[in-house]
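Please treat every number below as a calculation from the coordinates, not as lab data. Worth saying up front: this structure is predicted, and the values here are computed from it rather than measured.
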Amino acid sequence: MSMLPKANHQERIGERYVKNKEVSMHTLNKRAEKKLDYVVQGFEAAMGDKHTQTNHKNLSYQLQCGGFKHLNNLTLDYIGYENRLWAFAYNLNLKSTLDVSGYKNPETEDCRFVVQSTGKIRVSEPKWVDSGSRCSDEKVDLYLKRLSHKLIMDRIAALDMMKLEINFSAKTQLWTVKYQSIIGSTNWILIPPVLQLIKYTPEEMVRTLEFFELVLDAVSDPFRDVSQPKKKK
């Protein structure tokens with residue numbers, strides 16, 4: 001089927017990234033973006049007065065926020081949709097970045113961790129694994145232990161997070177958390193012709209924000225002992 005052109009995004013070629021042309025906003029992409037806009041409005045509402053600004057470009061929104069401990073941005077986009085038999089799937093991509101250059105004990109080496117799952121359709125028995133980190137084995141173990149906290153793992157399974165990864169760039173001092181979600185995705189079916197959004201519930205949106213906060217907290221200072229009781233004044 002050739003009804004839709006391919007979505008454009010940054011593509012890695014060797015050690016460099018090549019930025020492709022802007023996404024073409026033909027009729028179907030415009031209709032899908034209206035569905036994405038509905039999802040974005042829901043996240044803005046879930047953030048409440050912590051939401052400060054929303055930046056928009058074709059099929060992509062970046063929400064700026066303040067008042068969370070670590071979460072200060074959240075990108076939602078439909079970049080890279082799938083062309084299936086008699087259907088097109090606009091899977092929702094979610095991403096947040098955290099600059100830790102001013103944090104205590106910031107990481108100094110590139111790191112990358114991904115989640116593996118035994119489920120083919122739904123996330124089942126998710127597990128964090130190292131995927132080419134350059135930091136020490138001691139730090140890898142600490143990161144994996146903190147990322148495997150029950151509160152984080154429960155949200156990964158409940159929200160069916162796919163292609164979940166977190167990586168750190170020593171050059172930019174940025175942690176990046178990203179994944180793909182069926183919830184919040186839009187599907188266009190040819191027969192009968194219909195554009196359908198898989199809606200988030202307000203509770204799922206809150207859990208999503210909690211997930212990013214928990215994960216970013218887990219990697220911002222892996223040597224901090226969260227189980228240690230607070231000192232009395």
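Just for the Cα atoms in region 10-220, what are the lengths along the principal axes, largest first, rounded to whole Å?
If we take the Cα atoms of region 10-220, the spans are 55, 38, 36 Å.
May I ask you to compute the full-extension gain from residue 194 to residue 41, defined as 0.36 nm times their residue separation minus their alpha-carbon distance, rounded to one decimal in nm?
Difference between extended and current length: 52.9 nm.
For residue 164, which sequence-distant residues (separation of 5 or more, or a different chain) have an amide H within less than 5 Å of its own amide H, given hydrogens modelled in the peptide plane?
For residue 164, the qualifying residues are 115, 180.
Roughly how large, in nm² to one decimal, is the mean projection of the convex hull of the alpha-carbon atoms in region 125-219?
Seen from a random direction, the Cα hull of region 125-219 projects 8.0 nm² on average.
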